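So the structure is just underneath, and the comments pick up after that.
The values are calculated or read from the model by the stated rules, or taken from the named source; none is laboratory data. None of the values given here were measured: they were computed from a predicted structure. With ideal geometry, Cβ positions are generated from the backbone for all residues, glycine too; neighbour counts draw on all protein chains shown. The protein model used for the area step is the full one, side chains on, heavy atoms only, and it has no ligands, DNA or RNA in it. Shrake-Rupley method; radii C 1.70, N 1.55, O 1.52, S 1.80 Å.
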Amino acid sequence: MKPASGSHWETVIENLKKFYVLKLKGYDADNLVACTLLFEGDKDEMTARHKAVVELSKRFKGMVGGPENGLRGYMLTYLIAYTRDLALNHGVAAESFETSCPWNRVSSLSIRVKQRIYDEAAKIGFSKDRVWVSFRVTQLYETGAAVYVYFTLYHEGFDKDKVVHSYEIVEDAARDEVLASGGCISHHHGVGKIRKGFMERTLPKMAIDWQAKIKDAIDPNNVFAINNTVYRSEEERIAI
């Protein structure tokens, strides 16, 4: 996603950077982790915090990469929908969803969800080489973290009319595994139509009935958020 450079000198600099990181510093490109941090607040305080983070990273053999990739990362937020549509035109169905969980479950949740995606995709004909799975920790807290799950299905040669349904089957299984692994139905995107079938595993019946009655009282004709009512049972969710 990096913009092409029209400068020979910039190309030389970039190649030298790669040589330094991969050869001299000995980083493994296939196991490299990048972390983008944004510091906001009083200049003196943020300068001190930035210095503390740099010192901490050095203790664990980390290296400061500068601001360029962080700025590109923020710009990428606006490009994701376009890259998804571009991928779809080339036989790749892709999407993401988020969850949150305690720190001691981040690793196990990621491992279990990744394997579940591979297993469920295989059941409907997608071999492992047609599936790509990745995770990104986006928000950090003292008690836990937000985890994004990304996965793609390469559907070239499959029935085009069944691609979306196939993707939904795998995505539903992934969400099921998230909940079984101690994750939440959402971190900040909310529930919506796609996740509403998992509400009864997230809230007690009393809480769901309470929300439904408020909705009925305020909007008896279901004008607002039409068709977003909560499924009353797992059987109803599967049937629909």
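Inside region 13-42, residues that are surrounded by fewer than 10 Cβ atoms within 10 Å (Cβ to Cβ), modelled with pLDDT of 90 or more and not in a loop (DSSP other than H, G, I, E, B) make up a count of 2. Look at region 19-35: where a residue is over 19 Å from GLY70 (Cα atoms) and a partner is among the hydrophobic types (A, V, I, L, M, F, W, C), sitting 6+ places away or on another chain with Cβ atoms under 7 Å, you get LEU22/ALA29; LYS25/MET63; TYR27/VAL21.
Of the residues in region 171-193, how many are in contact (Cβ under 8 Å) with a residue 40 or more places away in the chain, in a helix (DSSP H, G or I) and more than 15 Å from the chain's Cα centre (by Cα)? Give the derivation first.
At the first step, the residues of region 171-193 found to be in contact (Cβ under 8 Å) with a residue 40 or more places away in the chain are 171, 173-178, 180-189.
Still in the list and also in a helix (DSSP H, G or I): 171, 173-178, 180.
Narrowing further to those that are more than 15 Å from the chain's Cα centre (by Cα): 173, 176, 180.
Selection size over region 171-193: 3.
What do you reckon, is TYR118 in contact with a Lys or Arg (Cβ under 7 Å, 6 or more places away or on another chain), more than 14 Å from GLY183 (Cβ to Cβ) and of a type outside the set (S, T, N, Q)? So TYR118 fits the description; yes. Restricting region 156-174 to residues that are among the hydrophobic types (A, V, I, L, M, F, W, C) and closer than 30 Å to PRO102 by Cβ leaves a set whose member that is most open to solvent (accessible area, probe 1.4 Å) is ILE169. Checked against the criterion of being open to solvent by 60 Å² or more (accessible area, probe 1.4 Å), within 18 Å of ALA87 (Cβ to Cβ) and touching a helix residue (DSSP H, G or I) at 6+ places or on another chain (Cβ under 9 Å), region 138-155 contains one or more residues that satisfy it. Looking only at residues in region 14-33 that are among the hydrophobic types (A, V, I, L, M, F, W, C) and more than 29 Å from the chain's Cα centre (by Cα), the one that is nearest to ALA4 (Cα to Cα) is LEU16.
Hey, does region 211-228 have a residue that's surrounded by fewer than 13 Cβ atoms within 10 Å (Cβ to Cβ), modelled with pLDDT of 90 or more and assigned to a loop (DSSP other than H, G, I, E, B)? Within region 211-228, not a single residue is surrounded by fewer than 13 Cβ atoms within 10 Å (Cβ to Cβ), modelled with pLDDT of 90 or more and assigned to a loop (DSSP other than H, G, I, E, B). Number of residues in region 136-162 that are under 18 Å from HIS189 (Cα atoms), of a type in the set (Phe, Trp, Tyr) and either in a loop (DSSP other than H, G, I, E, B) or modelled with pLDDT of 95 or more (or both): the value is 2. Filtering region 229-240 to residues that are exposed (fewer than 11 other Cβ atoms within 10 Å of the Cβ) and either of a type in the set (D, E, K, R) or at pLDDT 85 or above (or both) leaves only GLU235.
Which one is nearest to HIS189 (Cα to Cα), of the residues in region 116-135 that are open to solvent by 50 Å² or more (accessible area, probe 1.4 Å) and within 16 Å of the chain's Cα centre (by Cα)? So that I can check it myself, show each step before the final result.
Applying the first criterion (open to solvent by 50 Å² or more (accessible area, probe 1.4 Å)) to region 116-135 yields 116, 119, 122-124, 127-130, 132, 135.
Filter again for within 16 Å of the chain's Cα centre (by Cα), leaving 116, 132, 135.
Numbers: ARG116: 22, TRP132: 23, PHE135: 17 Å.
Among those residues, the one meeting the criterion is PHE135.
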